[in-house]
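Asks: This structure is in structure tokens; I'll ask about it shortly.
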Amino acid sequence: MPPLLIVNPRSGDGGLAELLAAAAARAIPVHTLEEGDDAAKIARGADADALAVAGGDGSLAAVAAVAIELDLPFACVPFGTRNHFARDVGLDRSDPAATLDALVDGSERRIDVGRANDRLFLNNVSLGVYAQLVHRREHHRRRRDAFARLRALGIAATHRHPLGITVDGEPVTARVVLIANNAYALDVLSIGERARLDEGQLHLYAPRFDSVRGVLKPTWDERAGDRFTIDARAGSLRAAFDGEPGRLATPIDFRIEPGALRLLVPSDPLA
């Protein structure tokens, strides 16, 4: 059986014709999503020996969940505006066509995925002010990531109302909480890259703003574990799943699934 490549043509800034030509040259069947298509349903009904998605971070998780369900290898073709997952697994985001080689003669490795209740995420889930910005971003899709992070943290510093949540029964006075599939590198103003995706740990981050000589200084509170339960007085929380908006009823059971995804990458992904 051949693999199936599912393409989200609304991702990215062009290059669709080149990508489709590269898939045809490799004899890879393609399904290009149309308005109203359900990518997970298409993947589940495919007669394929591997599943791949060409899209941004928000396009990947639904098909990755089907790949896990069917025990099929999964490949990511970076074709979006952010492609943080592709970056963290070591793919060349500047050449999506070349990453199709993963479906021809690639190598397989096991990586972790996260779950928020039953919903899979590959990168992270954010709750609070940043999630609100992601919801607003649907009206401004081209907002630059760096500006969005700075604005989120700036709002977090001045926003007077914490989320009103508990983590594993312990009150947390945070305005932003991010739950990540494996550890991110942190700097003062943003969350960076992940060095690995097979640690088998979730990491929970919450920014803290301390006043030093009248100036707010941001730092991060961090904890790690294989499971977190987050509850809230409100009964639900706005969330951003790998940068896409959603809402979760509380309590939310976050858990890691070590080695659950059979990831295909080109034998030399950065060649």
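Asks: For segment 91-101, name all the residues that are surrounded by fewer than 21 Cβ atoms within 10 Å (Cβ to Cβ) and either modelled with pLDDT under 95 or out of contact with any Pro (no Cβ under 9 Å at 6 or more places or on another chain) (or both).
Replies: If the condition is that a residue be surrounded by fewer than 21 Cβ atoms within 10 Å (Cβ to Cβ) and either modelled with pLDDT under 95 or out of contact with any Pro (no Cβ under 9 Å at 6 or more places or on another chain) (or both), then D92, R93, S94, D95, A97, A98 are the ones that fit.
Yes/no matrix, rows are residues, columns are (1) touching a residue at least 12 places away in the same chain (Cβ under 8 Å); (2) under 19 Å from the mean Cα position of the chain (by Cα); (3) more than 18 Å from T99 (Cα to Cα); (4) buried (at least 16 other Cβ atoms within 10 Å of the Cβ):
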residue: P9; (1), (2), (3), (4): yes, yes, no, no
residue: A17; (1), (2), (3), (4): no, no, no, no
residue: A25; (1), (2), (3), (4): no, no, no, no
residue: K41; (1), (2), (3), (4): no, no, yes, no
residue: A48; (1), (2), (3), (4): yes, no, yes, yes
residue: A65; (1), (2), (3), (4): yes, yes, yes, yes
residue: D71; (1), (2), (3), (4): yes, no, yes, no
residue: F74; (1), (2), (3), (4): yes, yes, no, yes
residue: G80; (1), (2), (3), (4): yes, yes, no, yes
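The values are calculated or read from the model by the stated rules, or taken from the named source; none is laboratory data. As the structure is a prediction and not an experimental result, all values here were calculated from the model. Cβ atoms come from the backbone with ideal geometry, glycine included; neighbour counts cover every protein chain shown.
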